[in-house]
Every structure is written in C-alpha cells, then in structure tokens.
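Structure, as structure tokens:
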Amino acid sequence: MFKYVYHFILFSLLSFFAQAQLLDPVKWSVDQKQLSGNEFEIILTAKIDKGWHVFSQTLPETATPLPTEITFDKSSEYKLIGKTTEHSTPHFMKDVDEVTQLKMYEGTAVYKQKVSITGNKATVSGTVNYMCCDDHQCLPPNDYSFKITLVNNATVGNTEGSSTITSTEQNDTPQQVVKNIVPDSTGKQPQDTVTTTVTDNHDLKDKGLIQIFLIGFGAGLISLITPCVYSMIPITVTFFTKQSGTRKKGITNALIYALSIIVIFVLLGLLLYSFGISGDSVNEFASNGVFNFALFLLFVVFAISFFGVFEITLPTSWINKSEQLSDKGGFIGIFFMAFTLVLVSFSCTVPFIGSALALITQGHALGPIVGMFAFSLALAMPFGLFAFFPQILQSLPKSGGWMNVVKVTFAFVELALALKFLSNVDLAYHWHLLDREVFLSLWIIIFALTGIYLLGYIRFAHDSEVHYLSVPRLFFAIGILSFSMYMIPGLWGAPLKVISAFAPPMATQDFDLSRNQFYGISSSSTPSKPKKYDQTFHCPHGLDCYFDFADAKAAAIKENKPLFIDFTGWSCVNCRKMEAAVWANPDVLKRMKEDYIIVSLYVDDKTSLPESEQYVSSFSGKKIKTLGNKNSDLQASKYNTNSQPYYVLLDHNEQLLTSPRGYDEDVSAYINFLDKGIEEFKKRK
C-alpha cells in the first residue's frame with residue numbers, strides 16, 4: 001500500500017520539476033506583402049512547438065482560455081482595412097466543461113491584416129497578446145510586440161520584438177553579466193555596454209517561503225474551527241479507531257487519511273503552479289491593477305459568504321460520487337473519504353484558501369505549492385494526532401454557536417484585507433480615493449465593529465443569542481478594540497509601524513500634525529529645485545529623493561555622491577516594512593540623507609510615458625509604455641531580478657559598489673551595506 005503512495009508522490013514531484021522549467025513554445029515573426037499601390041498586407045506568423053497550440057481570435061465568452069488578441073498602434077501614417085483574418089487550418093477541442101468548442105491552431109498560426117499607408121512610407125507597430133496550452137497545462141498570457149516599415153514600391157522589414165522569456169539562475173556567488181544599457185529618459189537605445197556584478201539573496205527567498213508556509217499553516221489552523229471541518233474531526237477519528245478492528249490498524253488508516261488530505265491540496269498547488277502562478281508572473285500578478293481589483297472583489301465575496309448571506313458550495317453530484325468511491329475500502333476508499341471531506345468542507349475552507357493564495361501571490365514562485373502543503377498539514381494534523389491519542393477527543397469543546405462567531409469574525413478580517421488590494425490599485429493609478437486617512441478610517445470602523453460583535457451587541461442571522469460572555473471571547477474583544485484604538489492617532493500622522501506594510505504611504509496623508517516630530521523636516525527642507533515626477537511620488541522620513549534615473553545620476557555626479565537605487569512598488573508590502581523598520585532607524589536615515597543620492601523607482605506605476613519616451617525593450621521585446629514598465633525593464637535588464645524591494649549602490653559609471661540587497665529587516669546588516677558602498681566609492685575616486 002505504502003509503495004503506491006510512494007510512487008504517487010514521486011510522480012507528482014517529477015511532474016512538478018518537469019513543469020518548473022521556463023517554457024516558450026511559440027516563436028513569432030512579422031512580414032509584409034505589397035498588394036497594390038499603397039495597400040499592404042501585414043503577416044504575423046506563430047511557429048508552435050509540437051504538442052502545443054494557440055487559440056483563435058474568436059472564442060466563446062464562457063471559454064476558459066483567452067483568445068488571441070492583435071492590436072495595432074494608432075498612427076496617421078496608415079489605416080487598417082477590415083479586420084485581422086486567420087489563414088491556417090483550425091483544430092477544435094472541448095473546454096473543461098466538455099461542451100464549449102474552442103478553435104485553435106497547431107504547428108503554425110498565420111494572422112493577416114490589410115493596411116493602407118497615407119504616404120510613401122509608414123511604420124506599423126502593435127502587440128499580439130496570446131495564450132498557449134498543451135494537453136496538460138496553459139502558460140500565462142504573453143505579449144509579442146512587433147514593428148515593420150512599409151515603403152511604396154519597396155519593402156523594408158524590421159521586426160523588433162520577441163516573446164522569449166529570459167531567466168538567469170543565480171547563486172550566492174556574484175557573477176558577471178553583460179547587458180545593453182536600458183534606454184535613457186528619451187527612450188533611445190544606446191549601444192554601449194556595461195558590466196555589472198549581480199547577486200541574488202537566497203536568504204530572502206528562504207524567508208519568503210517560511211512566511212508563505214506560516215500563512216498557509218495559519219489559514220489551515222483557523223479553518224479547523226469552522227463548522228464544516230470541526231464537527232468532522234471526532235466523527236472521523238472515532239470511525240477509524242473503532243471500525244478498523246485493531247488500534248494499530250485504526251492509527252494506520254487515520255494516518256493514510258491525513259496523508260491523503262495533504263496529497264489532495266499539494267496537487268491543487270501543483271495545478272495552480274502549472275497555470276502560471278510562478279516565476280515572473282508572481283510580480284506581474286502582484287502589481288497588476290486588474291488582478292488586485294479582482295482580489296478586492298473576491299475578498300468581499302468571501303466576507304459576504306462568512307456573514308451568512310450565502311454559501312460557496314460545490315455540485316452535490318461531486319460529493320455523492322466521492323462518497324460512493326469511499327465505500328470501496330482499502331487505500332482507494334480512504335483516499336476518497338479524505339476527498340469527500342475536502343468537498344464537504346469547501347464552503348468553509350475556500351475563503352481561507354483563496355485569501356492565503358492571494359497573499360501568497362505577492363511572494364515566491366513556489367508559493368502555491370508550499371502554501372497548500374502548509375494549509376493541508378494543519379488541516380490533517382488533528383486526524384493523525386487524535387488517532388494516536390483518542391482520549392484527547394473528550395476534552396475538545398462541543399460544536400455550537402461559537403463556530404459561527406469564528407466565521408463572522410473572519411468575515412470582518414476579509415473586508416479589511418480587501419481594502420489592501422483596492423489600495424494597491426488606487427496607488428498605482430493615482431485615483432486618490434483611498435488615501436491613508438480614508439483607509440485608516442475604514443479599518444478603525446471595521447475592527448471596532450468586530451469588537452462590538454464579539455461583545456454580543458451585534459447579531460447576524462445564524463448567530464445564537466448571547467446569554468453570557470465567555471472569557472476567551474472577552475479577551476479577543478479587548479484585543480481587537482485596542483487595535484482599533486491604536487490606529488486612531490494615525491489619522492493625524494502617527495506612523496503606526498505595526499500596520500505600515502498594509503496602510504498607504506504617509507505621503508498620501510492630507511492632514512498630518514506630527515510630520516515634524518516623526519520625520520524631522522520643516523518647511524525649509526522642501527527642495528528648492530523641482531524634480532521629475534515629484535508631484536506623483538514622495539519619499540518617506542523627509543528623504544530628498546529623485547524618481548527618474550537620469551536625473552538622479554546627474555545629481556550624483558554634480559554632488560560627488562554615490563547613487564542609491566530603491567526598486568520599489570505601490571503594492572510592495574515588504575517595501576513598506578523596510579521603510580518603517582529599517583529606513584526609520586536614525587543611523588540608517590543619517591547615512592541615506594548625507595551620503596547618497598536616492599532614486600526611488602516604482603515598477604508598478606501606471607503613469608503613461610510620453611510618446612517620445614516609449615520604446616520596445618531589447619531585453620524582453622515588450623513595448624514599454626508606462627513609467628512602471630520602464631523601471632521594471634531597467635531592473636530586469638541590468639540586474640536579472642524582478643523582486644522588490646531591491647537596493648542597488650552605484651558609482652558614477654553605473655558600476656556596483658557592493659552586492660545589492662533585498663528584503664531583510666536586519667538594521668545592522670543594512671548599515672554595513674551602506675558603509676561598504678561609501679568605502680568602495682571613496683576608493684574609486
């Protein structure tokens with residue numbers, strides 16, 4: 001029996017490592033054909049690896065994959081004639097619902113668009129957004145940017161784009177990487193090269209995985225005390241200990257049951273990994289406005305469900321089928337008993353799973369797998385533990401109305417977390433709808449209502465009447481109401497370091513009575529010379545920052561100081577933690593203010609670049625249209641990383657002064673990092 005379990009887990013691991021490789025099964029090219037006079041045909045060709053396929057431009061609205069979408073940049077030099085047409089032999093497959101027909105192409109896919117140029121010459125550019133799949137997985141949507149020049153009576157082709165994804169595996173040893181310098185503020189592509197020393201902080205990755213594990217494990221522990229799961233523990237354990245014949249067999253069956261729960265959730269993590277919640281897409285998801293807004297709506301739905309308005313359930317037929325298979329006995333029967341538990345408890349566990357995964361996507365590429373393992377480990381532990389020590393079952397609290405109190409309490413928490421994701425969108429697009437004082441006001445009200453609810457002054461439809469207040473419930477109410485009171489001074493500018501990673505930056509605070517006290521700046525400290533983008537961005541703690549790389553470099557040369565690059569993001573939780581826990585330290589702040597020229601580069605900002613500054617990246621082949629795109633391209637092309645925060649110290653020749661640093665709240669190590677940079681800079685003078 002255990003041999004089959006071993007082979008099953010081994011197969012799963014091999015499948016994971018096979019899919020962990022970066023895949024790029026589609027290669028695009030662009031060509032042209034002059035039809036007559038000023039009329040041309042643009043031909044986009046996708047060469048698709050065997051076993052893979054891309055989709056038509058027209059798919060049903062209910063289709064799971066995304067259709068191929070071809071957009072042409074607007075220009076007065078040419079006009080589109082009709083719509084883009086498809087010129088390959090189509091294939092058809094059924095969607096996951098086994099009903100919807102999907103039109104797709106294998107081997108080669110050709111898309112053609114007729115255009116008419118208004119003069120004798122025109123440059124046509126655009127983007128193909130496509131999704132490719134094989135029989136087992138789909139890769140995340142990708143972009144191919146193209147550009148081609150059309151000349152009447154002559155053809156000059158110039159493709160500038162690629163869908164190739166570049167990745168570099170790094171270790172703790174610095175390595176030399178030669179890359180083209182990224183475009184300057186004018187958008188031009190210089191041909192000079194620069195050699196930089198690139199390192200990756202593996203300690204950061206390890207800490208990220210530990211944090212993800214703790215998030216998943218915590219969510220699993222909380223889900224144990226929901227009605228759907230808690231009531232199943234004594235019933236299931238009693239079944240294994242009494243119906244298995246002997247205690248030894250009962251323990252064995254209970255352990256297999258617990259192991260099956262873990263396998264089911266780890267497979268779910270592998271499935272999510274295979275659908276692209278990994279690698280570079282982690283950062284793309286974390287900073288994407290649509291994704292963050294979708295998470296906001298998802299958390300609101302979870303909260304409404306926990307408030308008791310409706311339940312998120314799976315089809316009854318799935319549960320019935322799983323129960324039938326559980327009657328077969330043996331390993332298969334036990335596995336499907338565990339699968340039945342997963343299905344039955346879905347309405348209680350899915351908000352915790354969804355919330356944990358939403359937070360996990362802000363972190364490590366392996367997040368879904370580690371998170372699901374941690375969640376399932378917490379969920380499965382009681383079944384194994386109580387099988388060994390069945391006498392503990394007698395001391396468990398009885399099921400009752402207290403479990404609904406747990407659900408409602410976490411409904412309030414889900415609402416609070418929802419605002420964090422809405423804040424990410426608000427900051428990236430500069431809507432100013434959820435500035436710091438508005439965000440704090442909503443959190444104060446939400447947590448105050450939570451405390452009042454725990455005291456029994458608010459009741460929901462499924463709540464039992466509170467005849468007396470239990471001591472644990474009182475303590476939780478005191479803690480939550482105290483947290484709500486703690487946030488009130490933040491409305492007038494208190495730093496609130498405990499929640500600095502979640503609340504919007506202090507710079508969005510309109511009313512700040514304590515700025516002089518907490519940030520040590522006065523009206524005279526306002527920079528006399530305006531900086532590019534200084535109306536959009538602001539630095540914490542009164543630091544005099546730049547927000548454009550070229551401007552900062554010029555200032556560094558003028559003032560004869562090294563350059564400090566802060567790769568950051570509006571949606572970067574760890575960036576806010578570093579600013580609150582490390583930058584605020586007096587010794588760190590002194591060095592940053594006096595010894596460096598600081599430039600903060602937001603990789604997820606949606607400010608559009610002027611047309612003259614837009615360009616196609618020589619590193620990724622993608623069209624760089626926003627300030628966030630430009631900053632992200634700079635980080636990826638020069639330092640082969642896309643994680644934030646990321647701190648880089650440079651001399652005036654853009655050479656590294658010391659190895660870059662990522663997220664690490666060790667203040668002494670950060671001071672050493674800054675001191676090493678200054679020491680090396682002085683040597684190179």
Express the carbon and sulfur contribution to the solvent-accessible surface of segment 427-483 as a percent, rounded to the nearest whole number, probe 1.4 angstrom.
70 percent
Using a 1.4 Å probe on the protein chains only, how many percent of the accessible area of segment 573-664 belongs to carbon and sulfur?
43 percent
Whole-Hz couplings from phi, Karplus 6.51/-1.76/1.60, listed for segment 427-434; x for Gly and Pro:
5, 5, 9, 6, 6, 6, 8, 10
Surface per residue (accessible, 1.4 Å probe) for segment 403-493, Å²:
48 Å²
With the 1.4 Å probe rolled over protein heavy atoms, segment 617-659 has an accessible area per residue in Å² of 27 Å²
Once the piece of chain linking L214 and T45 is laid out straight, how much longer is it, given 0.36 nm per residue of separation minus the C-alpha distance between them?
56.2 nm
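The values are calculated or read from the model by the stated rules, or taken from the named source; none is laboratory data. Every value quoted in this text rests on a predicted model; they were computed, and no experiment measured them. Surface areas here come from the heavy atoms of the whole protein model, side chains and all, with no ligands, DNA or RNA. Shrake-Rupley method; radii C 1.70, N 1.55, O 1.52, S 1.80 Å.
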